[in-house]
Structure formats: C-alpha cells, structure tokens
C-alpha cells in the first residue's frame with residue numbers, strides 16, 4: 001500500500017495488518033524500542049513505525065541508516081498521545097538495502113528528466129528472465145527522482161535497490177557505490193535513456209554459457225537517436241581472447257564502458273574502482289584487462305544507447321586518464337611489456353576518438369586547442385608512433401585509413 005493511500009483511508013484500517021515499502025528517513029531507538037520514519041515518495045508526510053525486540057532482526061533494524069529500503073508489515077494503531085495521527089506497530093521488517101552511511105536521504109525539490117529513467121527501467125523489467133538486480137543511484141541534489149521511482153520500487157522491491165544522496169555526487173562515486181552493493185555475477189553499467197533489447201537476458205546468458213563464462217564480454221550497441229549507427233569493433237568478431245596471450249586486446253579494445261559486461265569477481269578481488277571525482281571509463285577498463293583470463297567479442301546488438309555519455313563532462317578531462325593508465329601499468333610491471341599496444345591505443349585515442357568528440361561542438365577555437373593538445377601529447381610521449389606494428393595489422397580500422405597515412409593532412413582538414 002502507498003503511504004498516500006494510507007493517509008486517505010487510515011481510519012478504516014485501524015487494527016488491521018498492512019504492508020508498506022519505502023525508505024528510512026530517520027531511525028532512533030531507546031534500547032528496547034525503536035522508531036522509524038518511513039516514506040515511499042507518494043506523500044509529503046512520513047509514517048512512524050514502532051518496532052521492538054520481539055522482531056528477530058531487531059539489532060539489524062536498529063542499524064538501518066537514512067535512505068535504507070525496507071518493507072514493513074504491522075498493525076495500524078492510533079497513539080494515545082503525540083503528534084502522529086496513527087502509527088504502525090511492526091511485526092516484521094524486511095531489509096532490502098542498508099544505505100551507505102555517507103550518502104543520507106534528503107527531501108527533493110524539483111524534477112529531473114525521469115522519462116529517460118523510466119525507459120531504461122522498463123527495458124530491464126520486461127525481460128523474461130528475471131535473474132538480475134537493479135541498483136539505482138539517485139545522485140542529484142535537487143530533483144524528485146526518488147519519488148518518481150516509487151512505483152517501480154513498490155512493484156519490484158525484491159529486484160531494485162536504491163541508493164540516495166543528499167548532495168550531488170560525481171558519476172564515478174555513484175558507480176563505486178553500485179559496485180560495493182552489487183551481488184550478481186556480472187555487472188552492466190547503464191545511463192538513463194539506455195534500453196536493453198527485448199531478449200537481452202536470453203542472449204547474454206547464451207553468450208556466457210557458450211563461452212565458459214568469460215570474465216568480460218564486449219557486445220555491440222546501437223546509437224539510435226544521435227549517431228544512427230552500430231558500434232565499431234577492431235577486435236575479431238565472435239572470438240575468445242586471452243589478453244595476456246593475445247596482446248592485441250590492449251591495443252584494440254573499444255573505449256566505451258557501455259558495451260561491456262564485467263565479471264564482478266574480477267573487480268572486487270583486485271579492488272578496482274572508478275577514480276573519484278572523474279569519469280575515467282577507459283582507466284577502469286584498462287585496470288581490469290590485465291586480470292581477466294578471457295574476453296569474448298559478441299556480434300549481438302544488445303543495448304540501444306541514446307548518446308555517448310562522455311559528451312556530458314569536460315572533454316579535456318577525457319585525456320587525463322591516460323596518465324593514470326600508464327602509472328597503473330608501471331605499478332604492475334606491464335608498461336614495457338605492452339609498450340607497442342599501449343602506444344597504439346594512446347595515439348588512436350588522442351588523434352581519432354578524442355577529436356571525434358570535439359568535432360560536433362562546431363567551435364573552431366576549441367577544435368584548434370584540441371588539435372594542439374593531442375599533437376603535443378602524442379609527439380612528446382611517442383615521437384616514433386608511425387612505426388607501430390598495429391598500423392598494418394588492422395588495415396581496415398578507420399584510424400589507420402583516415403589518419404595514420406597522412407596525419408598532418410588529416411589534422412589540417414579537421415580544422
């Protein structure tokens with residue numbers, strides 16, 4: 001039952017057992033008795049839930065933090081005194097998720113673009129195979145996203161976890177919260193507006209089972225509303241790679257985070273996280289690559305992407321992650337061993353991927369600045385990159401065809 005509905009009908013429900021689902025706003029205990037202020041986003045006011053030691057999980061309930069998601073079953077009663085119109089004497093409290101301590105829940109003020117979120121959630125929830133969990137991080141300081149997703153949480157509370165923040169947090173920090181709360185075997189990152197194809201689960205499970213549960217799957221995505229094309233690939237299709245044996249993986253891996261399914265065990269066992277305060281997707285990918293035994297390249301189009309998300313933050317920050325990639329490979333003693341592969345990936349990323357991000361702005365000053373920036377970085381770090389073996393090993397790659405043959409002419413035309 002929604003809290004809004006309960007406020008409308010509570011007089012007729014006195015003495016009856018009801019079940020509510022929502023988020024903890026406050027939780028206090030006085031030793032043997034505790035009080036939770038519960039809200040589900042459907043109504044401004046919250047419900048007071050009274051619980052005691054008769055509930056088996058009393059100690060766990062006492063530790064619930066603001067923003068935790070729970071289901072409360074109990075009897076509606078009218079208190080003898082106090083400001084509450086009514087309260088719930090809990091007989092059972094089911095904990096879906098205990099919120100992270102540093103990100104408490106606060107009241108929201110105005111609407112975010114929730115239509116995109118609904119598109120993404122619906123594409124997941126309509127999957128026939130239900131062997132998944134959804135973790136939503138509400139990372140905006142002032143919007144009504146939390147209230148908006150109430151209907152989804154009410155109907156799918158066993159599937160959906162919600163982590164809410166009282167302040168705006170960077171996407172990298174939000175995704176680290178996802179990783180610390182995830183329980184599944186694999187992790188897929190999605191942005192609001194992205195859609196899974198109708199039979200995503202059946203297809204991805206088939207790819208997992210047919211390829212001995214690879215540590216990483218790179219699949220195809222469709223850029224539907226902006227680019228109107230399917231993602232490119234430089235690695236061979238439908239191939240099972242062993243990265244440290246098949247070193248071309250380090251040179252040719254696709255830069256996007258959103259066309260990959262990651263085995264969670266690899267991430268957690270090597271304590272891999274997103275670098276705080278920066279959306280360094282490629283750094284995250286390159287941190288994972290040395291530790292995976294198998295990578296499978298699927299030709300199946302499994303996700304419909306609205307727009308590449310790196311357009312949403314400072315584009316020049318996009319280049320800075322390469323410093324951290326090299327530092328990481330030096331730390332694990334692979335920088336020299338993979339120098340040819342990292343060189344190619346570095347040069348291609350700067351001259352091709354990055355400039356393709358800048359070009360749609362139409363800002364000639366920005367484009368000139370970008371060209372100067374990438375040229376300085378490439379020539380300083382890899383002055384002899386034109387001799388790299390991968391320029392010939394992947395002749396059909398657009399970078400090799402359009403840029404490498406005459407990169408000075410390419411840059412001149414780019415302006």
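The values are calculated or read from the model by the stated rules, or taken from the named source; none is laboratory data. What you see is a predicted model; the values in this text were computed from it and never measured. With ideal geometry, Cβ positions are generated from the backbone for all residues, glycine too; neighbour counts draw on all protein chains shown.
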(request) Could you please find all residues in segment 225-248 being surrounded by 15 or more Cβ atoms within 10 Å (Cβ to Cβ) and within 23 Å of the chain's Cα centre (by Cα)? (result) 231, 233
(message) Under 6 Å between Cβ atoms, which residue pairs at least 6 apart in sequence (or on different chains) link something in segment 178-196 that is farther than 14 Å from residue 260 by Cβ with a partner that is part of a loop (DSSP other than H, G, I, E, B) and modelled with pLDDT under 90?
(response) 193/306
(request) Report whether or not residue 99 is surrounded by 15 or more Cβ atoms within 10 Å (Cβ to Cβ) and modelled with pLDDT of 90 or more. (result) no
(message) Quick check on my filter: what residues within segment 18-45 are at pLDDT 85 or above and farther than 26 Å from residue 162 by Cα?
(response) 32, 33
(request) List every residue pair whose Cβ atoms lie under 9 Å apart, where the two residues are 6 or more positions apart in sequence or sit on different chains, the first residue falls within segment 76-88 and is farther than 17 Å from residue 18 by Cα, and the second residue, located anywhere, is exposed (fewer than 15 other Cβ atoms within 10 Å of the Cβ). (result) 84/78
(request) Could you list, in sequence order, all residues of segment 18-44 that are part of a strand (DSSP E or B), more than 33 Å from the chain's Cα centre (by Cα) and within 19 Å of residue 58 (Cβ to Cβ)? (result) 29, 33, 34, 35
(request) Kindly provide the set of residues from segment 308-324 that are at pLDDT 70 or above, under 17 Å from residue 374 (Cβ atoms) and assigned to a helix (DSSP H, G or I), ordered by number. (result) 317, 318, 319, 320, 321, 322, 323
(message) Quick check on segment 63-76. Is at least one of its residues loosely packed, with under 15 Cβ neighbours inside 10 Å, within 13 Å of residue 98 (Cα to Cα) and not assigned by TED's automatic domain parsing to the domain that holds residue 160?
(response) yes
(request) Please determine, by comparing only the residues of segment 326-359 that are in a helix (DSSP H, G or I) and either free of Cβ contacts under 8 Å to residues at least 12 places away in the same chain or in contact with a strand residue (DSSP E or B) (Cβ under 9 Å, 6 or more places away or on another chain) (or both), which one is surrounded by the fewest Cβ atoms within 10 Å (Cβ to Cβ). (result) 331
